[in-house]
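The values are calculated or read from the model by the stated rules, or taken from the named source; none is laboratory data. These numbers come from a predicted model, not from an experiment. Heads up, the Cβs are rebuilt from the backbone with ideal geometry, glycines too, and the neighbour counts pull from every protein chain shown.
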Amino acid sequence: MIEKILDRLNNKTYCKVQSSDIHGVGVFAIKDIPTGIAPWTTLNHREFGGAVGITMGNLLNIDESVRKVLLDYNLLDANIKNVIDENDTRFLRQTVQFIGEHIFIHPYEMEVLHISQFLNASTDPNLKLEPDELTPYRTIREIKTGEELTVDYEKDLKETNCRYNYRY
């Protein structure tokens with residue numbers, strides 16, 4: 001068992017979370033990451049079972065500070081109309097008209113975060129998101145040590161009902 005853990009740490013650990021110039025916090029390479037691999041293979045915590053859909057009506061009944069964090073870390077149903085706050089051109093969720101159905105969260109959402117929840121968006125990404133895959137993120141080019149991992153959510157989610165919460 002210890003050997004498997006050490007092998008995983010040595011051969012399949014590529015990233016860490018740290019401060020980002022793009023948007024507060026991001027995911028960064030701690031060593032070079034080859035093209036065409038999943039930088040992590042641990043499933044997002046929602047995949048372990050127990051994820052529930054929270055309706056937007058119920059989300060409005062959650063404390064505003066918690067609601068903002070949930071919206072920050074989760075993709076939303078595409079049937080949500082953004083009402084942009086003119087004072088904040090990056091964050092689209094300060095005023096939202098909920099016409100969609102739900103977001104999916106784990107019952108312990110704020111206690112267990114997955115590294116993928118810290119990925120930032122870019123129009124020049126180094127990861128591709130394939131939502132229907134077991135390990136949905138793949139490198140599309142070599143990523144160098146210290147480089148931030150990014151995804152083009154708008155492009156990769158185009159054929160889904162999900163939406164990223166920020167402009168980029």
Under 9 Å between Cβ atoms, at least 6 apart or on separate chains: pull out the pairs that start in the stretch 157-168 with a residue that is within 20 Å of PHE118 (Cβ to Cβ) and end on any residue that is assigned to a loop (DSSP other than H, G, I, E, B) and basic (Lys, Arg).
-> ASN165/ARG93; TYR166/ARG90; TYR166/ARG93; ARG167/ARG90; TYR168/ARG90
Where residues in the stretch 23-41 are of a type in the set (Val, Ile, Thr) and over 14 Å from the mean Cα position of the chain (by Cα), which of them is farthest from PHE118 (Cα to Cα)?
-> THR35
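In the stretch 1-42, what residues are part of a strand (DSSP E or B), surrounded by 11 or more Cβ atoms within 10 Å (Cβ to Cβ) and of a type outside the set (Val, Ile, Thr)? So that I can check it myself, show each step before the final result.
Step one: of the stretch 1-42, the residues part of a strand (DSSP E or B) are 15-20, 24-29, 33.
Now drop any that are not surrounded by 11 or more Cβ atoms within 10 Å (Cβ to Cβ), which leaves 15-18, 20, 25-29, 33.
Across the stretch 1-42, the qualifying residues are CYS15, LYS16, GLN18, SER20, GLY26, PHE28, ALA29.
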What number goes with the only condition from (1) modelled with pLDDT of 85 or more; (2) out of contact with any Gly (no Cβ under 8 Å at 6 or more places or on another chain); (3) closer than 16 Å to GLY26 by Cβ that ASP156 does not pass?
-> (3)
Somewhere in the stretch 83-93, is a residue at pLDDT 75 or above and closer than 22 Å to VAL25 by Cβ?
-> no
Given (1) at pLDDT below 85; (2) assigned to a helix (DSSP H, G or I); (3) in contact with a strand residue (DSSP E or B) (Cβ under 8 Å, 6 or more places away or on another chain); (4) of a type outside the set (A, V, I, L, M, F, W, C), where does GLY53 come up short, assuming only one miss?
-> (2)
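Go through the stretch 56-69 and count every residue that is closer than 13 Å to ILE105 by Cβ and either in a loop (DSSP other than H, G, I, E, B) or without any contact (Cβ under 8 Å) to a residue 12 or more places away in the chain (or both).
Step one: list which residues in the stretch 56-69 are closer than 13 Å to ILE105 by Cβ, which gives 56, 58-59, 62, 66-67, 69.
Applying the additional criterion that residues be either in a loop (DSSP other than H, G, I, E, B) or without any contact (Cβ under 8 Å) to a residue 12 or more places away in the chain (or both) yields 58, 62, 67.
Adding up the residues that qualify gives 3.
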Only one of PHE118, PHE104 is among the aromatic types (Phe, Trp, Tyr) and modelled with pLDDT of 80 or more; which?
-> PHE118
Qualifying positions in the stretch 136-151 - crowded, with 17+ Cβ neighbours inside 10 Å and acidic (Asp, Glu) | GLU148
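Which count do you get for residues in the stretch 123-135 that are in contact (Cβ under 8 Å) with a residue 40 or more places away in the chain and crowded, with 18+ Cβ neighbours inside 10 Å?
Looking only at that region, the number is 1.
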